[in-house]
2 protein chains.
Amino acid sequence: MMERNRPPGPESRHRHPPELGSELALLARIRARVASAGSHWKVRLGIGDDCALVDVNPGEEMAVTTDLSIAGRHFELALHPPEVIGHRALARGLSDLAAMGARPIAAFLSLGLPKGLTATANRSHKTENGSLVSGRRFTRAETTSKIIRGFSPWIDRFYDGVLALAREFRTPLAGGDLAESPIVVADMVLLGAVPRGKALLRSGARPGDAIYVTGSLGGAAAGLEMLKELAATQKSGAASGLRFPLGLAPALTSHLYPQPRVNQGLWLRKHGVAAAAIDISDGLSTDLKHLCDESGVAAEVDAGALPVSAGATLLQALHGGEDYELLFTARPNARLPRKVAGAAVTRVGQILRRSTKKPLVALITPQGRESLEAQGWEHFA
Amino acid sequence: MMERNRPPGPESRHRHPPELGSELALLARIRARVASAGSHWKVRLGIGDDCALVDVNPGEEMAVTTDLSIAGRHFELALHPPEVIGHRALARGLSDLAAMGARPIAAFLSLGLPKGLTATANRSHKTENGSLVSGRRFTRAETTSKIIRGFSPWIDRFYDGVLALAREFRTPLAGGDLAESPIVVADMVLLGAVPRGKALLRSGARPGDAIYVTGSLGGAAAGLEMLKELAATQKSGAASGLRFPLGLAPALTSHLYPQPRVNQGLWLRKHGVAAAAIDISDGLSTDLKHLCDESGVAAEVDAGALPVSAGATLLQALHGGEDYELLFTARPNARLPRKVAGAAVTRVGQILRRSTKKPLVALITPQGRESLEAQGWEHFA
């Protein structure tokens, strides 16, 4: 029965008059915003039913990843503008798809929010603790329009960040959950598609493979330091939120708006050159160890070959994390261009046979060879 | 290359020696537990890579749902044993699949945990606030074995609850995320499959349809009241957690271990009798309103026909929520058995034409006809 499967039209949001309660009003608002961001033929039914319905091509399998972002752990309300929190939450998931060589199909967002951030007054960009989260001053016109629209600037700006990146990678926000929570919690779920048996796995590396990274490393860690300094110097003016210099330093941009390497992952998968791949979310030292663990191999990294981001240190490049570059291996005879889909590709080391007598990951420096311990992001450490 | 797609074998968990950090150790532990719970041919790659890989049959589409469970909102650490929190988190997602008539394929869990709940000592079933979360006393042997296993009883028991229900509905836990969090947060993501165009939607109801519910209503709300009373009377003995009477009252079981109506949803979809469906998670009054909104219709409910759970009141049956029964409509000439897959099916009302002159949902009582306002679960209210 075709009729039953007709996706709810845009008029359906008018069925939730605001007086029905603020959760419904909030859901209707999100639904309308997501709908205005465009649809995608793979999503046959989005927000508004018990489940979303997603289509898959014959011969493809689905790649699924979930990423939790928690206030105080993955971001700070006092440091990160809401757009940035939204952008980064989606970037993490897209980066996981990139590392599999998968094409994004849809995103789902479970969002837990303190009541204060959903209030409709313009004081609502204050968090419950009283710290301010706005990343820039609003013009009066903007503030007025947000008040007229009747929704909290915080949540509007959060969705601005999510939806701008979603549009860039043609990834519809197809559903999720919304709940009141003492702290801001966002779980981003990404679905992607990849031809059956062709996904790039962590477990494909073999001794002799060359190790490559895309882009440059350490920028996000350096940018986080810059952000903290900015916050410290502007402490007195915190009542209006952090003010960013007009031209953001590249490292600050790396931290605030990391670009997932989706197109690079697709290129590597289509050209069949990558034997194994992972994205650098926890830091090179930690993620290379993950790849070695899953492949049952060891590795060595040449410190001199690392593409360290402008403004970053070697240690930030080795352990910083959140750069969302791809780390991949290729057979020794594979030929790689210098750039893939606009991103530099740099050979940084090689895969070795595993042995209890040598370090799992070794770092080669002018001073010699040392063990590179995983010192990246670690929960519960 | 087949070899690259070989799922990591059970030996792979030995590649994370415990000294590598407790997050890795915890992940390895979860991975091993999930692996021992059995696999599923639809999940070609589970925990251990950037994404999981899931297969879909030709002609099927995928149903996707996410459900946030947050401490203090959806459960209380001082009230709910960890098995119950795990069971209920998965039950919510399975119930959403049931309401679409979808077959479960895989679950993904994003879990945020306070450090205290992942500590390895036996004091770890204390929360950071010092309240106790164990639902029963451990025997000495159990406690010893848990200490030897080196993991927190809380997280072990949480996974006990998730995995027992997952096994019952042959739903592998195929991935997710793990993060440190000030409060317990669990986002459960469910994937299901349904023949293309055959999903049961909220939007399919038409004037004249009869309204049905499975099972009985109000039990979960009554059970929650019982649980709170139990906690109040045992306050002095709280140091060892709540002690449950040997034979749990049915209402208490409805609250602690709700059974998602997966098989009933599949039956309804296969037999093509349901025109629209939703699960009763927020309460009949709220969920029937959702269905009416999505279908553009109104409804009336006969109070005398409602299957009220033993020990529950009419108000609990109307507004209580968390019963996870199915509410569905069928054309007036449809013939339904008294039971579907073991659950009673009761006709409770009918769908009406929508009009601004009458209530959206009306309740018929011996006193006459009144408006049934949505008074179920509402965030940000």
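The values are calculated or read from the model by the stated rules, or taken from the named source; none is laboratory data. This one's a predicted model, so the numbers in the text were calculated from it and none came from an experiment. All Cβ positions, even for glycine, are placed from backbone atoms using ideal geometry, and neighbour counts span all protein chains on display. We work out accessible area using only protein heavy atoms, side chains counted, and drop any ligands, DNA or RNA first. Shrake-Rupley method; radii C 1.70, N 1.55, O 1.52, S 1.80 Å.
The alpha-carbon of B:LYS228 sits under 13 angstrom from the alpha-carbons of these aspartates and glutamates, leaving out residues fewer than 8 places away in its chain: B:GLU76. Distant-in-sequence amide contacts of A:ILE47, defined by a placed amide H-H separation under 5 Å and a gap of 5 or more residues or a different chain, comprise nothing.
Here the Karplus curve 6.51 cos²θ - 1.76 cosθ + 1.60, taken at θ = phi - 60°, turns the phi angles of the range B:218-228 into couplings of x, x, 5, 5, 4, x, 5, 4, 4, 4, 5 Hz, with x standing for Gly and Pro.
Would the range A:301-362 count as rounded, prolate or oblate if I go by the C-alpha gyration tensor, calling it rounded below 1.5 in a/c and otherwise prolate when a/b exceeds b/c, oblate otherwise? Here the range A:301-362 falls in the oblate category.
Label-to-label distance for A:ASN57 and B:ARG196 is 1.4 nm, based on points extended 7 Å past Cα in the beta-carbon direction.
Under a 5 Å amide H cut-off, with hydrogens placed 1.01 Å from N, B:VAL348 pairs with B:ILE211, B:TYR212, B:VAL213 among residues at least 5 apart or on other chains. Excluding residues fewer than 8 places away in the same chain, name every one of the aspartates and glutamates whose C-alpha is closer than 18 Å to that of A:LYS357. A:LYS357 reaches A:ASP293, A:GLU300, A:GLU370, A:GLU373, B:GLU19. Taking label positions 7 Å along the Cα-Cβ direction at both B:GLU168 and A:SER355, the computed distance is 5.4 nm, reported to one decimal. Label point of A:LEU230 set 7 angstrom out along Cα-Cβ; within the range A:60-96, amide nitrogens under 16 Å from it belong to A:75-88. Residue pairs exceeding 30 angstrom between C-alpha atoms, taken from A:LYS42/A:LYS270; A:LYS42/B:LYS115; A:LYS198/A:LYS339: A:LYS42/B:LYS115.
Taking every residue in B:186-194 and counting other chain Cβ atoms within 10 Å of its Cβ, the average works out to 5.
Buried accessible surface for the B/A chain pair comes to about 7500 Å², total over both chains, computed with a 1.4 Å probe. Calculated over the range A:250-332, the projected area of the Cα convex hull averaged across directions stands at 5.8 nm². So if R0 is 45 Å, what FRET efficiency would B:ARG335 and A:ARG338 give, r being the distance between their Cβ atoms, rounded to the nearest 0.05? Calculated value: 0.05.
Under 18 Å from a point 7 Å along the Cα-to-Cβ line of A:LEU314: which residues of the range A:249-280 have their amide N that close? Under cut-off, by backbone N: nothing. Rounded to the nearest 20 debye, the dipole size of the range B:248-381 about its Cα centre is 780 debye, using +1 on the Cβ of Lys and Arg and -1 on the Cβ of Asp and Glu. In this structure the amide hydrogen of B:ALA298, modeled in the peptide plane, comes within under 5 Å of the amide hydrogens of B:LEU352, B:ARG353, B:ARG354, none closer than 5 places in sequence on its chain. Take A:THR365, move 7 Å from Cα toward the beta carbon, and the resulting point lies 7.8 nm from the same point in each other copy, nearest first. Taken along the Cα-to-beta-carbon direction at a fixed 7 Å, the label points for B:ALA32 and A:THR253 span 4.7 nm.
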